Amino acid sequence: MSDIAVLINTAVAVLAAVVLIVRFRVNPVISLVIASVYLGLAVGLGVEETVKTITSGFGEIMVDVGLLIAFGVLMGSILNQSGAIRRLVEHLLKTFGPKRLPYTMGLAIGTLLQSIFLDVLLVISAPLARKLAPKIGKLGTARMATAMAIALECGIVFTVPGVASLALAGLLNVPLGKMLLFGLLLVIPTIIISIAIMTFLFRRGFWNEAKDEDHTFVAEEDSEGEEPTSGALPATSTASESPAGSNTKPIGAAVAVAERESKEKPLIMLFAPLLTSLILIGAGAILQIFKIDLPWLQLLGEPVIALLIGLIGTCLVTRASIGQKKVEEAITVGFKESGQILILTGVGGSLAATVKAAGLGDILGGFFSASTVAPLLVVWAIAAVLHIAVGSVTLSAITAAGLLAPIAPAIGLDPVLLALAAGAGSLFMVHVTSNTFWLLQSLLGQSVRGALKSVMVGVSVASVVAILLILPMSLLF
């Protein structure tokens, strides 16, 4: 089959998947499998080879990242149950003060907390961000909403163990330790620079409190602890109780709070297992880069072993704080959350394997053989277009990376740069097709107009900043 025919059929397959998802509301998993089947048959692989390619592509990526995704999500679910996120944000506020809170909270969400499933992390942290926003000043809502949007989306694609970063690493055969190191080198300056740019724009009039904030919004937490109104039971209704009984409730409440606080583990202890996992993965990557032979550390630095150590440690530490029953409930929730991520990641691998079998890598390799910069821009653009159409950061990143994965060996491009470029492109234009957009809009008390500024524009700025940082990295590595 001619090169032009392969290119056309690949484009048709991707477009068909987008149309099925957007126009006909077909589940992304089913849409990607249909696209893979069409492409395999259209380029002449035949029925048997097409099915074999799809299933092997699914299996290969599951071998690489299946356990990693499951372990990461489970750790995050347990940390969420323990209240560690709430306590971390409160600690950041006390340590760095309200003025620096958008940066410190953004960096925490974009790095340390990425083991937590995005929607869960957002729902937990958004009420805290809304409560803290007035402490920052006039533009508190705008800055906190933007910092959260940028950090959430950047973290999921750049930071290990963010689910999209794990999927990209598995899809492109990037060692996880290498993905961790390069991702941290990119995500930290991207978050800081992007928040700074948006803060500059807000201070120059880009944010209008009257139109961009929903002043009728009242968070559930905001109403907690308020004194009873005239609609409540009158004070005389409790006066008939015995004097001892009237004092029992506040004393009991104080005792309960004191007992809870006494059982709470130090914050560093709750996060120590996760931090240990990341340190071990990073150490394993350094050993590999410098070709140092330390078998015991190489074993502990293997991502599966490192995250398993982190998961076991998190279970043990939180069990002493919240009890075994709560830990088991968190694990059950974690398994439910990881299921859809695993399947979507797997079918992304199926499409990538079919694209590779179709020979697209050899064709595109010839186009980009003279430059390593052009492929990065192309994968960024493809991921951006897919995200605008589909609204899924993970799906668009995986699909774009899968399309150009075969060209990396042909042109000498480090696959980790391709993974980062795909992630950066998938951040462009987070808008009304994204669940994250609506969660940030509603939970942080923004109008739709305000969310378009803080979420769509803010994350798009991060997307551009990221690719501008990746391009010089491609010249150095």
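Condition first: assigned to a helix (DSSP H, G or I), more than 22 Å from GLU337 (Cβ to Cβ) and not acidic (Asp, Glu). Can you find one or more residues in segment 64-81 that meet it? No. Residues of segment 80-112 that are hydrophobic (A, V, I, L, M, F, W, C) and modelled with pLDDT of 85 or more: LEU101, MET105, LEU107, ALA108, ILE109. Scanning segment 448-476 for residues being in contact with a helix residue (DSSP H, G or I) (Cβ under 7 Å, 6 or more places away or on another chain) and surrounded by fewer than 18 Cβ atoms within 10 Å (Cβ to Cβ) gives a total of 5.
Note on segment 301-342: residues that are under 24 Å from ALA167 (Cβ atoms), touching a helix residue (DSSP H, G or I) at 6+ places or on another chain (Cβ under 7 Å) and open to solvent by less than 90 Å² (accessible area, probe 1.4 Å) amount to 19.
Taken together, the criteria exclude VAL187 from residues that are assigned to a loop (DSSP other than H, G, I, E, B) and either among the hydroxyl-bearing types (Ser, Thr, Tyr) or within 29 Å of ALA352 (Cβ to Cβ) (or both). Consider segment 373-390 and keep the residues that are closer than 12 Å to LEU418 by Cβ and surrounded by 19 or more Cβ atoms within 10 Å (Cβ to Cβ). The one that is modelled with the highest pLDDT is TRP380. For segment 155-184, a residue qualifies if it is outside any helix (DSSP H, G or I) and more than 12 Å from GLY110 (Cα to Cα), and the qualifying residues are LEU172, ASN173, VAL174, PRO175.
Pairing each residue of segment 320-340 that is at pLDDT below 90 with any residue that is not in a helix (DSSP H, G or I), provided the two are 6+ apart or on different chains, yields C-beta distances under 7 Å for ALA320/LYS265; SER321/GLU264; SER321/LYS265; GLU337/PHE117. Taken together, the criteria exclude GLY284 from residues that are closer than 16 Å to LEU74 by Cβ and open to solvent by less than 60 Å² (accessible area, probe 1.4 Å). Among GLU49, GLU90, which is acidic (Asp, Glu) and farther than 28 Å from PRO273 by Cβ? Only one candidate qualifies: GLU49. Would you pick out the residues in segment 396-416 that are within 18 Å of the chain's Cα centre (by Cα) and open to solvent by less than 10 Å² (accessible area, probe 1.4 Å)? Once the filter is applied, which keeps residues that are within 18 Å of the chain's Cα centre (by Cα) and open to solvent by less than 10 Å² (accessible area, probe 1.4 Å), segment 396-416 yields SER396, ALA397, ILE398, ALA400, ALA401, VAL416.
This table checks each residue for (1) without any contact (Cβ under 8 Å) to a residue 40 or more places away in the chain; (2) open to solvent by less than 10 Å² (accessible area, probe 1.4 Å); (3) farther than 24 Å from PHE202 by Cβ.
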site	(1), (2), (3)
PRO127	no, no, no
GLY137	yes, no, no
MET144	no, yes, no
ILE150	no, yes, no
CYS154	no, yes, no
ALA164	no, yes, yes
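The values are calculated or read from the model by the stated rules, or taken from the named source; none is laboratory data. Just so it is clear, the model here is predicted, and its values are computed rather than measured. Cβ sites come from the backbone with ideal geometry, for glycine too, and all protein chains shown count toward neighbours. Heads up: the accessible areas ignore ligands, DNA and RNA and are worked out on the full protein's heavy atoms, side chains in. Shrake-Rupley method; radii C 1.70, N 1.55, O 1.52, S 1.80 Å.
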